[in-house]
Amino acid sequence: MRPTLLARTALPLFAGIALAACQGDAPATDEALTGDEIAGMTDTGTMLQPGEYSATQDLIEIDAPGATEEQVAAMRTEFAAGAAEPQLYCVTEGMTREEWLSALAQASCTLSSLTAEGGSIEGAMSCNADQGLNGRVDFAGTVEDTSAALRMTYPVPLETGDITVRFGVQSQRTGDSCG
């Protein structure tokens, strides 16, 4: 199985983050959903048409307090190397917003908040994957019939302080059928 787009970018990046922080594994966080987060979901927004999509990523920012400029530059280089190749994923008829975001992230994601109205979307989700995103991801952006552009924020809690990675994900429909 080919590594996912997020795995190709996130794993090398977070290996660099761990080295930059000079610490072991990040402490686990288990954030329970509140009633407001669950009740506050609104989804009247545009959904992608079924078909095959190509997703690309670009790094917007790494906020790594305590890391040197050289360490942040190394993280940027690793992210760029992992994001060099687009990732294909499938949107199917009747797919929910949560299923679409999970397919895009190539992880098992659960929405904790969502506002999707017209072509605008924003929310938060918790993702779990063998490789790639693990933890809370905040997102905002636009969704059209055949494309999406999201800005994602991924906080990485470390004992030495949180590192925040902001990146863009662009999806474009490439075909009618998946495969």
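Rule-based calculations on the coordinates, nothing more; no lab input. The structure presented is a predicted model; accordingly, all values stated were derived computationally and were not measured. Virtual Cβ from ideal backbone geometry, glycine too; neighbours counted across all protein chains shown.
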Fraction of alpha-carbon pairs in segment 36-96 farther than 19 Å apart, rounded to whole percent, equals 59 percent
Between Glu70 and Arg151, what length comes free when the chain is fully extended (0.36 nm per residue of separation minus the Cα-Cα distance, one decimal in nm)?
26.7 nm
In nm, spacing of pseudo-spin labels at Arg136 and Thr110 (7 Å Cα→C-beta vector):
1.5 nm
Label-point separation (nm) for Ala81 and Ser177, each offset 7 Å from Cα along Cα-to-Cβ?
3.8 nm
Dimensions of segment 59-131 along principal axes (Cα, Å, largest first)?
46, 25, 25
Write down the radius of gyration of segment 48-179 and its Dmax, each obtained from C-alpha positions, in Å.
15.3, 47
